[in-house]
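Chemist: The structure follows.
The values are calculated or read from the model by the stated rules, or taken from the named source; none is laboratory data. Everything numeric here is computed off the predicted structure, so don't read it as measured data. Counting neighbours? That spans all protein chains shown, and the Cβs are built from the backbone with ideal geometry, glycine included. With ligands, DNA and RNA removed, areas are computed over all heavy atoms of the protein, side chains included. Shrake-Rupley method; radii C 1.70, N 1.55, O 1.52, S 1.80 Å.
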Amino acid sequence: MNYYENALLGADAYRKKDKPIMLAIESSCDETAASIVRGGREVLSMSVFTQIPIHRKYGGVVPELASRSHVEKVGSVVADALEQANLSIADVDAVSATYGPGLVGALLVGLSYAKGLAYAANKPFIGADHIAGHIAANYLSYPDLQPPFVCLVASGGHSHIILVEGYNSFKLLGCTRDDAAGEAFDKCAKVMGLPYPGGPVIDRRAKEGDPKAFRFARPRVEGYDYSFSGLKTSFLYTLRDAVAADPDFIVKHEADLCASLQSTIVEILLDKLVRASKETGIRDIAIAGGVSANSGLRDGIVETGRRRGWRTFLPEFKFTTDNAAMIAMAGYYRYKQGEFASLDVSPVARLEEL
Ligand code: KG4
Ligand code: ZN
């Protein structure tokens with residue numbers, strides 16, 4: 001019997017477990033993370049090494065540096081997750097890892113490590129989709145949340161509106177045609193000379209500014225799709241002209257610029273979400289991904305939800321940006337369905353469907 005058959009047989013037995021213990025690894029971008037979650041609800045440990053300081057001086061993620069840092073850290077992050085949970089690999093029922101979407105070189109590290117671990121410990125292996133992970137993080141914060149619901153997934157790499165039809169069943173209603181929402185935050189912050197990643201910095205500075213001080217271009221895109229490149233250009237031109245007239249313009253108006261930019265991005269995100277809710281008739285609305293940590297977006301969703309009779313789901317902050325508990329969750333629902341992966345699963349930069 002080869003490893004794969006063996007693992008599947010094991011999986012058959014494990015599947016009968018009510019509360020499988022999932023060890024998950026996430027390495028799709030600039031966080032090396034491992035986590036152990038029991039029964040798809042109980043987070044036994046979370047270990048995250050963030051590479052942000054490594055990439056900061058380049059103003060964005062450098063893929064080669066990301067891969068190298070993942071190689072350096074993945075072993076200790078997994079060991080830390082096991083230690084925090086007071087478990088050994090033998091106690092784990094399955095191993096899951098992100099196989100995409102993300103940076104291929106970065107994904108390859110976590111995925112290969114996870115496959116090696118599963119092989120050595122003779123555990124079933126599960127490939128998890130990063131977006132499904134962001135969505136599934138909501139079940140950790142809201143154990144009673146059930147599909148169907150509409151989820152806005154907004155991060156540095158994605159801006160998707162997804163109809164979550166089931167735990168493993170998703171319909172992509174819309175996505176960005178160019179930049180993602182997090183990218184818009186980060187690129188505009190860079191133009192202002194703010195450090196990477198700009199999203200959290202803009203969020204903080206926006207609190208002291210006037211969201212109506214400046215007006216930037218809003219996209220006109222049909223359906224549920226987003227576009228943020230026009231906003232980015234409009235922001236850039238506003239600053240270029242203003243700085244030509246007054247070199248201190250950015251410093252003088254930093255808070256107002258941050259507040260106006262943030263409120264524009266939030267307005268764009270909410271506009272399509274409202275439409276998705278209206279047209280699907282679904283009023284359970286969740287958000288996910290790094291940008292779901294944004295206070296303007298969180299307030300905006302709650303306020304819109306109050307007016308429209310939505311039930312809104314905002315994940316706890318620790319589950320918004322990349323982490324491995326969310327990958328354990330995506331893995332858990334695949335495990336329940338018996339969707340185990342063979343060890344030849346490869347990383348995928350872009351996934352056509354979830
Ligand atoms: O989900 P994530 O950790 O990684 C990706 O899958 O991309 O998201 C990172 C993105 C970055 O663009 C970052 O600027 C943004 O999430 N972000 C925020 C906030 N916190 C993180 N954007 C706006 N406001 C925040 N508070
Ligand atoms: Zn992410």
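Chemist: What's the number of the only condition in (1) closer than 30 Å to residue 132 by Cβ; (2) touching an Asp or Glu at 6+ places or on another chain (Cβ under 8 Å); (3) of a type in the set (Gly, Ala, Ser) that residue 277 fails to meet?
Modeler: (2)
Chemist: Now for a different question. In region 195-205, what residues are touching a residue at least 60 places away in the same chain (Cβ under 8 Å) and more than 9 Å from ligand 1 (Cβ to nearest atom)? Please lay out each step first, then the result.
Modeler: At the first step, the residues of region 195-205 found to be touching a residue at least 60 places away in the same chain (Cβ under 8 Å) are 195-197, 199-200, 202-203.
Across region 195-205, the qualifying residue is only 195.
Chemist: Another question about this same structure. Here's a check for you: in region 203-231, which residue that is of a type in the set (Asp, Glu) and open to solvent by less than 90 Å² (accessible area, probe 1.4 Å) is farthest from residue 152 (Cα to Cα)? Please lay out each step first, then the result.
Modeler: Step one: of region 203-231, the residues of a type in the set (Asp, Glu) are 203, 208, 210, 222, 225.
Then keep just the ones that are open to solvent by less than 90 Å² (accessible area, probe 1.4 Å); that gives 203, 210, 225.
Values: 203: 18, 210: 26, 225: 12 Å.
If we take residues in region 203-231 being of a type in the set (Asp, Glu) and open to solvent by less than 90 Å² (accessible area, probe 1.4 Å), then 210 is farthest from residue 152 (Cα to Cα).
Chemist: Criterion first (open to solvent by 10 Å² or more (accessible area, probe 1.4 Å), farther than 25 Å from residue 280 by Cβ, more than 16 Å from ligand 2 (Cβ to nearest atom) and touching a Gly at 6+ places or on another chain (Cβ under 9 Å)) does residue 113 satisfy it? Walk me through how you get there before you give the answer.
Modeler: Details: open to solvent by 10 Å² or more (accessible area, probe 1.4 Å): yes; farther than 25 Å from residue 280 by Cβ: yes; more than 16 Å from ligand 2 (Cβ to nearest atom): yes; touching a Gly at 6+ places or on another chain (Cβ under 9 Å): yes.
The answer is yes for residue 113.
Chemist: Under 6 Å between Cβ atoms, at least 6 apart or on separate chains: pull out the pairs that start in region 148-168 with a residue that is free of Cβ contacts under 8 Å to residues at least 60 places away in the same chain and end on any residue that is outside any strand (DSSP E or B).
Modeler: Filtered contacts from region 148-168: 165/147; 165/148; 166/147.
Chemist: Are any of the residues in region 213-233 hydroxyl-bearing (Ser, Thr, Tyr), on the phi < 0 side of the Ramachandran plot and in contact with a Ser or Thr (Cβ under 8 Å, 6 or more places away or on another chain)? Before you say what the answer is, go through the steps one by one.
Modeler: Step one: list which residues in region 213-233 are hydroxyl-bearing (Ser, Thr, Tyr), which gives 224, 226-227, 229, 233.
Retained after the next criterion (residues that are on the phi < 0 side of the Ramachandran plot): 224, 226-227, 229, 233.
Now drop any that are not in contact with a Ser or Thr (Cβ under 8 Å, 6 or more places away or on another chain), which leaves 226-227.
The answer is yes, given that some residue of region 213-233 is hydroxyl-bearing (Ser, Thr, Tyr), on the phi < 0 side of the Ramachandran plot and in contact with a Ser or Thr (Cβ under 8 Å, 6 or more places away or on another chain).
Chemist: Of all residues in region 31-46, which are open to solvent by less than 10 Å² (accessible area, probe 1.4 Å) and within 16 Å of ligand 1 (Cβ to nearest atom)?
Modeler: 32, 33, 34, 35
Chemist: So in region 188-202, with the set limited to residues that are farther than 12 Å from residue 258 by Cβ and within 16 Å of ligand 2 (Cβ to nearest atom), which one is surrounded by the most Cβ atoms within 10 Å (Cβ to Cβ)?
Modeler: Here the residue is 197.
Chemist: I've got another one for you. For the condition within 22 Å of residue 65 (Cα to Cα) and surrounded by fewer than 21 Cβ atoms within 10 Å (Cβ to Cβ), what is the one hit in 108, 103, 145?
Modeler: None of the other options fit; the residue is 108.
Matching residues to (1) surrounded by fewer than 13 Cβ atoms within 10 Å (Cβ to Cβ); (2) within 16 Å of ligand 1 (Cβ to nearest atom); (3) of a type in the set (D, E, K, R):
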position: 268; (1), (2), (3): no, yes, no
position: 305; (1), (2), (3): no, no, no
position: 310; (1), (2), (3): no, no, no
position: 319; (1), (2), (3): no, yes, no
position: 325; (1), (2), (3): no, yes, no
position: 330; (1), (2), (3): no, yes, no
position: 350; (1), (2), (3): yes, yes, yes
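Chemist: Name the residues in region 118-142 that are more than 16 Å from ligand 1 (Cβ to nearest atom) and either crowded, with 21+ Cβ neighbours inside 10 Å or of a type in the set (D, E, K, R) (or both), would you?
Modeler: Quick first cut of region 118-142, residues more than 16 Å from ligand 1 (Cβ to nearest atom) only: 118-127, 139, 142.
Matches in region 118-142: 118, 123, 124, 125, 126, 127, 139.
Chemist: Still on this structure: Residue under question is residue 234, and the condition is that it be open to solvent by less than 20 Å² (accessible area, probe 1.4 Å), farther than 23 Å from residue 56 by Cα and more than 16 Å from ligand 2 (Cβ to nearest atom); does it hold? So that I can check it myself, show each step before the final result.
Modeler: On the way: open to solvent by less than 20 Å² (accessible area, probe 1.4 Å): no; farther than 23 Å from residue 56 by Cα: yes; more than 16 Å from ligand 2 (Cβ to nearest atom): yes.
Answer is no for this residue.
Chemist: Looking at region 148-187, which of the residues that are of a type in the set (A, V, I, L, M) and more than 15 Å from ligand 1 (Cβ to nearest atom) is surrounded by the fewest Cβ atoms within 10 Å (Cβ to Cβ)? Steps first, answer last, please.
Modeler: Applying the first criterion (of a type in the set (A, V, I, L, M)) to region 148-187 yields 150, 152-154, 161-164, 172-173, 180-181, 184.
Narrowing the set further to residues that are more than 15 Å from ligand 1 (Cβ to nearest atom) leaves 150, 161, 163-164, 172-173.
Numbers: 150: 23, 161: 25, 163: 18, 164: 25, 172: 16, 173: 21.
Top of the filtered list is 172.
Chemist: Give me a count of the residues in region 278-297 that are open to solvent by 10 Å² or more (accessible area, probe 1.4 Å) and either away from ligand 2 (no atom under 16 Å from the Cβ) or among the hydrophobic types (A, V, I, L, M, F, W, C) (or both).
Modeler: Counting residues in region 278-297 that are open to solvent by 10 Å² or more (accessible area, probe 1.4 Å) and either away from ligand 2 (no atom under 16 Å from the Cβ) or among the hydrophobic types (A, V, I, L, M, F, W, C) (or both) gives 11.
Chemist: Of all helices (runs of 4 or more DSSP H) completely enclosed by region 14-131, which ones contain at least 3 residues that are among the hydroxyl-bearing types (Ser, Thr, Tyr)? Break it down into steps so the answer makes sense when it comes.
Modeler: On the way: elements: 52-56, 63-85, 104-121.
In region 14-131, 63-85, 104-121 are the helices (runs of 4 or more DSSP H) which contain 3 or more residues that are among the hydroxyl-bearing types (Ser, Thr, Tyr).
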